[in-house]
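Worksheet: the structure to be examined is printed underneath.
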Amino acid sequence: MNNADLIELVSQTPDGDPSQLISLLQKVQEASGFLSREAIEAIAGHLRLSPSAVYGVASFYNQFRFTAPGRLHLQVCRGTACHVKGSLDVLETLQRELKILPGQTSRDGAYSLETVACVGACSLAPVVVAGGEFHAGMDSEKTKNLLTSMEQVTECNA
Amino acid sequence: MPQIIVNGKSVHTDPHETLLEVLRREGIRIPTLCHWEGLPAVGACRLCVVELDGQVNLVPACATPAAEGMRVLTHSPRVVDARKTIIELILANHPDDCLYCPRKGSCELLRLANELGITERTYRGAKIHHPKDVSSPSLVRDPEKCILCGRCVRVCSQIQHVGAIDFTSRGATALVAPAFGDGLNISSCIHCGQCVMACPTGALTDARHIRRVTSALEDPSLTVVIQHAPSVSVTLGEYFGFAPGTDVDGLMVAALRRLGFKVVFDTSFTADLTVMEEAAELVDRIRNHGPLPMFTSCSPAWVKFVENFHPRWRENVSTCKSPQQMMGALIKNVWAGNNGVHPDRVFSVSVMPCTAKKAEARRPEMLTEGRFDVDAVLTTRELAELITMKGIDFSTLTPSLPDHPFGTRSSAGKLFGATGGVLEAALRTAFHMLTGQNPAAEPIHALRESEGIRELTLKIGDLELRVAAVSGLAAADRLLGEIEAGRMNPHLVEVMSCPGGCIAGGGQPYGHDATAVASRMQALYKVDRGSVLRFSHENQEILRLYREVLGEPLGETSHRLLHTGNGGHHVR
Ligand code: SF4
Ligand code: SF4
Ligand code: SF4
Ligand code: FES
């Protein structure tokens, strides 16, 4: 989202009303996939809050991210069922392979990683959602294979 | 009058008092962590809990209004246990680092652990691992020592209207930090240090310059010169057993000599010089189309506040360097030459009540002839530490006088240490500049309150001079609002970033002790009452400096040494 679009979107909310904060954060994230510095600052200016207060609120919730999602967005379910079936292993494999932590995007912009509380597919545990597609019964080995099979998606010109 | 029963004894309460206020008035010590005098209660830490008859749960005294007939137990076993548990839980993820912590002598957490008799580890939690933020020229943030009391966050946003830091994330990863977890250096922080004053632990402390100073003192090729700010002499004694408000000027100078400083100057001298320059600048602005109002520039956190949040008022800030920087410029560019020392061999130190002075000294427009005017800045706290470290028995020293020529000051210069003092000093001299006569040097009581916006209209000759003073930046924001709305129209406005002025600056003893601050203020007024030299323009050394070096206020040499250049203060 460019700056003009951002300003346009932000200005649709009444200014100076801090109670609009969460909904405005959601709108901006929905439109641009994440909350950029520019976005946080624009929202803060519009609602007359400090950027640190806006960032403070946004970072309290798991739903907001502060880096642009990668070309392949990976979500690891950390719900109870998945946990019991070893989703921590899966998560750690991804962290190791991609060298990023949940909430981060790899430097080349190829991958982003996120943990989610429960994707509602407990019978398929442990689940990884890659680019919106569900992958069931994951373990460390399958996770590595998944990454290899997805290489095309993550290549720059793909 | 409503009564409550405290530990079996009947006690009167005033309307709208909280339990905490009543109990403290009664001399009962109730521990607190999140509570901060002057800010609304948040009831977050629960350390102040007491037992109330008829209530199942313990209640926080800080957030509970005292009501007729309440029966309160302040130190029942249940209460003490609850408090102890809170501290034990805080300690569970706290680094075991007291021995190496800058706050070990003054830490509230350590004191509470001690008072509650905690001698064993009850809970073991994962320690927080987070790098220190040393990006700021003024402060160090050490999130590992943060106990999330929120005092800094509230002081920064509510008292200073800055909001540089806030709670981020949550649960075990919760952190007090600037937006995006950035370093303080790229946040909106203005370096005032009021968060440092509020922090109970070692999570926010000075960017320390002690090492720099001791190495300079040990270097035989350097001449180390020191200056001390007006408010330091009325505060430093508190570290050495003197009652708040004792002026230890002579002892302090003696201690500085004992520490090895070759030359000791008094920043109040350059406060006098600031008065001369600023009064001339004001008269010039009034006669030659402004811009008005003129804002004082001696509080660097205020200057930064204008740059960060009110850039439209930048041109209105006086171009005068602060007294610290003026002294620094004089030491290297005048004193050194007169005393056969090469300016590169001078190491210039200041003792300040202020953390923002550390940042100010590093600003690009604070170089003269390519040299920093000031090389290191110690806070009052750091000076006390240094004196103690060097084994100096402070109270038994023989008082000493500062050196010539920049050790002679009028008491007007000394007044810079309290809010309203710059105005009071400047008005005395502006009056003289405009009428050729001295005003009666009566205290201007209208300026001597420490709270709120103070306004005064003064008839000087045929000019109606309107001035205003304010301290604390939330109050400064209000004042700017009044001016912007056209409700106030002053010629000259004094702004001190710290509530009360430098006597309560961010580099002074930790915490919030309103009584001590009031005593420091009275001490400055006493110096002024007892002084034979009460006008900056009668300071013979100032006059001599103009005769021999500077020419006249706002002259060419003044501009080169004492002002920040035509573009006003540098803006990044
Ligand atoms: S902040 Fe206090 S308790 Fe923590 S390490 Fe420092 S002195 Fe010890
Ligand atoms: S130094 Fe002042 S502006 Fe900076 S974080 Fe602390 S209170 Fe806020
Ligand atoms: S930095 Fe200090 S004042 Fe701020 S929340 Fe942490 S412990 Fe409290
Ligand atoms: S001091 Fe009362 S709850 Fe923190």
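Okay, here's what the table says:
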{"item": "B:L110 vs. criteria open to solvent by 50 Å² or more (accessible area, probe 1.4 Å) and of a type in the set (A, V, I, L, M, F, W, C)", "result": "yes"}
{"item": "Every residue from segment B:154-185 that is within 15 Å of the chain's Cα centre (by Cα), open to solvent by 10 Å² or more (accessible area, probe 1.4 Å) and more than 9 Å from chain A (Cβ to nearest Cβ)", "result": "B:I159"}
{"item": "Unmet criterion (only one of (1) out of contact with any Lys or Arg (no Cβ under 7 Å at 6 or more places or on another chain); (2) more than 15 Å from ligand 3 (Cβ to nearest atom)) for B:S157", "result": "(2)"}
{"item": "Number of positions in segment B:314-338 that are assigned to a helix (DSSP H, G or I) and either open to solvent by 20 Å² or more (accessible area, probe 1.4 Å) or among the charged types (D, E, K, R) (or both)", "result": "7"}
{"item": "Condition broken by B:S188, with the remaining ones in (1) at negative phi; (2) touching a helix residue (DSSP H, G or I) at 6+ places or on another chain (Cβ under 6 Å); (3) away from every other protein chain (no Cβ under 13 Å) satisfied", "result": "(3)"}
{"item": "Elements of type helices (runs of 4 or more DSSP H) contained in segment B:345-450, each with 3 or more residues being open to solvent by less than 50 Å² (accessible area, probe 1.4 Å) and farther than 22 Å from B:K262 by Cα", "result": "B:356-360, B:411-414, B:421-435"}
{"item": "Matching residues in segment B:76-108 - criterion: being within 15 Å of ligand 4 (Cβ to nearest atom) and more than 25 Å from B:G202 (Cα to Cα)", "result": "B:V79"}
{"item": "Residue match in segment B:155-174 (condition: within 16 Å of ligand 4 (Cβ to nearest atom), in contact with an Asp or Glu (Cβ under 9 Å, 6 or more places away or on another chain) and aliphatic (A, V, I, L, M))", "result": "no"}
{"item": "Residue in segment B:287-304 that is in a strand (DSSP E or B) and touching a strand residue (DSSP E or B) at 6+ places or on another chain (Cβ under 9 Å) present", "result": "yes"}
{"item": "Output for segment B:127-153, where each listed residue is within 16 Å of ligand 4 (Cβ to nearest atom) and surrounded by fewer than 19 Cβ atoms within 10 Å (Cβ to Cβ)", "result": "B:L148"}
{"item": "Subset of segment B:518-542 (residues that are among the aliphatic types (A, V, I, L, M), closer than 30 Å to B:L330 by Cβ and part of a helix (DSSP H, G or I))", "result": "B:M521, B:A523, B:L524, B:V527, B:I542"}
{"item": "So A:A110, is it closer than 22 Å to A:G79 by Cβ and not assigned by TED's automatic domain parsing to the domain that holds A:G33", "result": "no"}
{"item": "Total residues in segment A:9-40, condition of a type outside the set (D, E), more than 14 Å from chain B (Cβ to nearest Cβ), part of a helix (DSSP H, G or I) and under 21 Å from A:E114 (Cβ atoms)", "result": "7"}
{"item": "Any hit, segment B:122-129, residues being touching a helix residue (DSSP H, G or I) at 6+ places or on another chain (Cβ under 7 Å), basic (K, R), more than 20 Å from A:L49 (Cα to Cα) and within 10 Å of ligand 2 (Cβ to nearest atom)", "result": "no"}
{"item": "Failed condition for B:S169, given (1) modelled with pLDDT under 95; (2) on the phi < 0 side of the Ramachandran plot; (3) within 14 Å of ligand 3 (Cβ to nearest atom)", "result": "(2)"}
{"item": "Residue ranges of helices (runs of 4 or more DSSP H) in segment A:41-111 with at least 1 members touching a Lys or Arg at 6+ places or on another chain (Cβ under 7 Å) and surrounded by fewer than 21 Cβ atoms within 10 Å (Cβ to Cβ)", "result": "A:51-60, A:87-98"}
{"item": "Scope segment B:256-277; condition of a type outside the set (F, W, Y) and open to solvent by less than 10 Å² (accessible area, probe 1.4 Å); matching residues", "result": "B:L256, B:V264, B:D266, B:T267, B:S268, B:T270, B:A271, B:D272, B:L273, B:T274, B:V275, B:E277"}
{"item": "Filter result for B:A216 (closer than 30 Å to B:L89 by Cβ, touching a residue at least 40 places away in the same chain (Cβ under 8 Å) and away from chain A (no Cβ under 14 Å))", "result": "no"}
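A quick yes/no check of all residues on (1) more than 14 Å from chain A (Cβ to nearest Cβ); (2) more than 15 Å from ligand 4 (Cβ to nearest atom); (3) among the small types (G, A, S):
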| site | (1), (2), (3) |
| --- | --- |
| B:V6 | yes, yes, no |
| B:R24 | yes, no, no |
| B:E37 | yes, no, no |
| B:A41 | yes, no, yes |
| B:C48 | yes, no, no |
| B:A67 | yes, yes, yes |
| B:T74 | yes, no, no |
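The values are calculated or read from the model by the stated rules, or taken from the named source; none is laboratory data. Given the structure is predicted, the values throughout are model-derived calculations rather than measurements. No Cβ is skipped: glycine too gets one built from the backbone with ideal geometry, and neighbour counts run over all protein chains shown. In case anyone asks, the SASA skips ligands and DNA or RNA and just uses the protein heavy atoms, side chains included. Shrake-Rupley method; radii C 1.70, N 1.55, O 1.52, S 1.80 Å.
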